[in-house]
Every structure is written in structure tokens, then in C-alpha cells.
1. Exactly one condition in (1) over 16 Å from the mean Cα position of the chain (by Cα); (2) in a loop (DSSP other than H, G, I, E, B) is false for E210; which is it?
2. Just give me the residues in the range 60-82 being closer than 25 Å to G204 by Cβ and within 15 Å of the ligand (Cβ to nearest atom), in sequence order.
3. For D92, which of the numbered conditions (1) surrounded by fewer than 19 Cβ atoms within 10 Å (Cβ to Cβ); (2) under 19 Å from Q162 (Cα atoms) fails to hold?
4. Spot the failing condition for R16; the list is (1) buried (at least 24 other Cβ atoms within 10 Å of the Cβ); (2) farther than 19 Å from D235 by Cβ, and only one is missed.
5. Of everything in the range 230-241 that's open to solvent by less than 10 Å² (accessible area, probe 1.4 Å) and assigned to a helix (DSSP H, G or I), which residue is nearest to I25 (Cα to Cα)?
6. Within the range 280-321, can you find the residues that are within 14 Å of I270 (Cβ to Cβ) and in a loop (DSSP other than H, G, I, E, B)?
7. Return yes when Q32 is assigned by TED's automatic domain parsing to the domain that holds V224, among the polar types (S, T, N, Q), buried (at least 18 other Cβ atoms within 10 Å of the Cβ) and within 11 Å of the ligand (Cβ to nearest atom) and no when it is not.
8. Considering only residues of the range 116-150 that are part of a helix (DSSP H, G or I), closer than 14 Å to T175 by Cβ and out of contact with any His (no Cβ under 9 Å at 6 or more places or on another chain), which is most open to solvent (accessible area, probe 1.4 Å)?
Amino acid sequence: MTLPSLKIGSVEVKSRVMLAPMAGITDVVLRQLIRKYSKNCLLTTEMISSEALMQKKGGEILEYKENEYPLAFQISGHKPFMMAKAAKMLSDRASIIDINMGCPVNKVVKGGDGSALMKTPELAADIVKAVKDATELPVSVKFRLGYTADTKNYMEFAKLMQDAGADAMTIHCRTRSQMYGGKADWSALSDIKKEISVPVFANGDIISPETAKECIETSNVDGVAVARGVLGHPDLIYRIEHYFETGKIIDSVDIKTRIELIKEHLNEEIKLRGELGGIRFTRKFYPFYIRGVHGAPALRHALVTEDSYDKIINILDSING
Ligand SMILES: Cc1cc2nc3c(=O)[nH]c(=O)nc-3n(C[C@H](O)[C@H](O)[C@H](O)COP(=O)(O)O)c2cc1C
């Protein structure tokens, strides 16, 4: 199925697969590894707190490269004027401003941010309107099926967001109560395109070309957003795109290439965060990259406790599948 490009406001998006935001994960380094394979997918930064941005905190989160376009910067917060300011500040570098209305973490919802906005839909709409007024860029929203199983308001919420001016939406097919557990319910979205004309991306549990196809067929939406599936597999989005275009499955990269990708990941994180900062930051990725290799548990332990760059490289070089 060769699918035509999508238009998110004025931005043409040639791929039906996007990278979903992940805090502490989808930094410029990971996005570059994904872009190495997928030339067209919409990439998304991790969430950037509007309040932190006002205090000029942001640092590495704000780093990006020109080849990343189309690139959405995701902002979080609950104060319309502050979200508007944050959007304005990021407008010189973003293709799209994405608003986080899905984060389930206690610390975030306690302050009324993230998925708490699904409990205050009028405020969520005011945020979209304020952000739209503050920037010429298209504005997208990311939310869940609802806050709890008994309060699944995604349909009304989606309509409200569209009416407020949202140019696209990504829906994580879980409730806030589910956090990241249980199975994502793609079928919940099956009627949403009867009501919503802007592009809709379904999200949750897409880990392969086959699950991506099943998700799109079950949800009837325009595209899919992939988060955890890219961990250790920066080629996944490209493989899904290839499957959508040709109906053919290509294998994931072999272990030798994966080791080269880990080294690149590590080296680039060190450039971004300094030697020790980069080494420690990259630790969270090793288990995903080396999953399934011979002796993975011992290797994982060695990699996530080692502070010496040379020793880490030696461990990686010892891996041969
Ligand atoms: C470590 C981690 C960090 C995340 N950070 C964000 C974030 O900053 N903004 C956001 O909208 N969603 C965030 N998410 C949610 C993902 O974008 C996605 O909705 C969720 O993981 C379900 O998709 P998946 O099954 O493909 O992982 C995060 C998820 C994980 C696992």
C-alpha cells in the first residue's frame, strides 16, 4: 500500500510512521540514528517543560540538526500563556509544535500537566488556541484514551482539540491509569476518522512492521507513532515504512551493525554530554541493543557498571552474536 504524503498544517510529511517522544531517550543522538535509516519520518524531541524553558533550562534537550526535518518539538505544561511563550521560543527550530497531554507520571499530573489535561478539556483547548496564536507553525497534540477506564473521553477530546485548531494528533491507545502496562487498544480508534479530518497517528505497542500494519488496519487512522520499539532498533521506523510501501519485510540490521550503532550512540552522547556524562547516559540503551546476543546478562551488567570508555569499547568488541 503506497500511501500519499500527509499534510500537518503547512508541513508535508512523506512518511506514515513517526517517532513518538520519549523523555531522556529521543535526544538529537537517537534521532540522528533513526534518520540514518528513515529519511522522511516525522521525528519528535522529548518533552520540554514550558516552565523550565522560561528559566532558560533546556540544555541538551534543545539540540537538533538540520537533517532532522520534519521535526516536532514537544512542550509540556498547563498554563496557556507559558505554553504560548515556549512555542514562540521554539518556533525558530521546530517544524511542528507538539503538546504533551499524555504523560502519566505522578510528578507531572500532580501539577495539572500531561494526561491531567484530559480531565480539564477546556483548559487543554485553551492551550491549543494560545499556542496557535503564538506561532505560525502547525500544532499537534498527543493524548491517551482517557484518564481512567471509566472516563475514556478521547472522542470528545479529539473533536475539541481539532476545533481549537490542532493540525494533527497522536493517540496513545491506553488510559492514564494503565500507565505503560496492559495492551494498547488500537480498535478504540476505529471510528475516529469519521469525526476527525486532521491526521491521526495511533500509538502503543508497535514493535515490528507487522504490528504497525495491524495497528493501522485496526484503527483506520492515518499513521502510526513508535516509541519503545526503536530502542536498540533505530532501523525499525524505516523497516515499517518499507513494509508499508512494498509489502516486503526486511530483516533488522545484523549484530555487527548493531554494535557499530551502539558505539556511534555512545560517541555522540559523549560529544553532547562530556565523557562521563555520555558514558552514564548511554547505559540505559545497552540492554536493548544487546538483547538476544550470547551471554547478554553478563555483558549487560558489565556495560552498565563500567565508567571507562576503553573498557566499554573492549566489551562491545567482544560481542559476536
Ligand atoms: C521512557 C519513556 C519516556 C516517555 N516520554 C514521553 C514524553 O516525553 N512525551 C510523551 O508524549 N510521551 C512520552 N512517552 C510515551 C511514548 O511516547 C508512548 O506514548 C508510549 O511509550 C507508548 O508507545 P510504545 O508502546 O510505542 O512505547 C514516554 C515513554 C517512555 C517509555
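1. (2)
2. Taking the range 60-82 as the starting set, the residues that turn out to be closer than 25 Å to G204 by Cβ are 61, 68, 70-78.
Within the range 60-82, I61, L71, A72, F73, Q74, I75, S76, G77, H78 qualify.
3. Of the numbered conditions (1) surrounded by fewer than 19 Cβ atoms within 10 Å (Cβ to Cβ); (2) under 19 Å from Q162 (Cα atoms), the odd one out for D92 is (2).
4. The number of the failed condition is (2).
5. First, the residues of the range 230-241 that are open to solvent by less than 10 Å² (accessible area, probe 1.4 Å): 230, 232, 234-237, 240.
Those still in the list that are assigned to a helix (DSSP H, G or I) too: 230, 236-237, 240.
Working: V230: 10, L236: 15, I237: 16, I240: 20 Å.
Restricting to residues being open to solvent by less than 10 Å² (accessible area, probe 1.4 Å) and assigned to a helix (DSSP H, G or I), the top hit is V230.
6. E306, D307, S308
7. On the way: assigned by TED's automatic domain parsing to the domain that holds V224: yes; among the polar types (S, T, N, Q): yes; buried (at least 18 other Cβ atoms within 10 Å of the Cβ): yes; within 11 Å of the ligand (Cβ to nearest atom): no.
Against the criterion (assigned by TED's automatic domain parsing to the domain that holds V224, among the polar types (S, T, N, Q), buried (at least 18 other Cβ atoms within 10 Å of the Cβ) and within 11 Å of the ligand (Cβ to nearest atom)), Q32 does not qualify.
8. D150
The values are calculated or read from the model by the stated rules, or taken from the named source; none is laboratory data. Note that this is a predicted model, so its numbers are computed, not measured. Please note: Cβ atoms are built from the backbone with ideal geometry, for glycine as well, and neighbour counts cover all protein chains shown. Only protein heavy atoms, including side chains, enter the accessible area calculation; ligands, DNA and RNA are left aside. Shrake-Rupley method; radii C 1.70, N 1.55, O 1.52, S 1.80 Å.
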